[in-house]
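Only the coordinates and a few stated rules stand behind these numbers; no lab work does. Keep in mind the model is a prediction, meaning the values are calculated, not measured.
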Amino acid sequence: MTTLKLFETRQVRSLWDAEREAWFFSIVDVVAVLSGSPNPRKYWSVLKTRLKKEGSELATNCSQLKMQAADGKKPPHRRG
């Protein structure tokens, strides 16, 4: 089940995984809310690079979950 959560007036995409019984949230949406950055995708990319250089495991253990965009577009499927 995919839903939108509201944080103040901002939307955060989320996905419920019934098998794992866990919520997943769009990190780019969370970064946008917390940082106020006009380009949260770039902000997250730079942050991951810095964390990786510092030896943080967050950057290496955080994989991307493909979620529908706010404009309704779905991510491309990878072949392979």
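Rounded to two decimals, what ratio of Rg to Rh does the range 2-61 give with C-alpha atoms and a Kirkwood Rh?
Expressed as Rg/Rh, it is 1.04.
Could you work out how much longer the chain between E57 and S37 gets when fully extended? Use 0.36 nm per residue separation minus the Cα distance between them, nm to one decimal.
Gain in length upon complete extension: 4.8 nm.
In whole Hz and in residue order, list the ³J(HN,Hα) couplings for the range 33-50 that follow from phi through the Karplus curve 6.51 cos²θ - 1.76 cosθ + 1.60, θ = phi - 60°; x for Gly and Pro.
The phi angles translate into 5, 6, 9, x, 5, x, 9, x, 5, 5, 4, 5, 4, 5, 4, 4, 4, 5 Hz.
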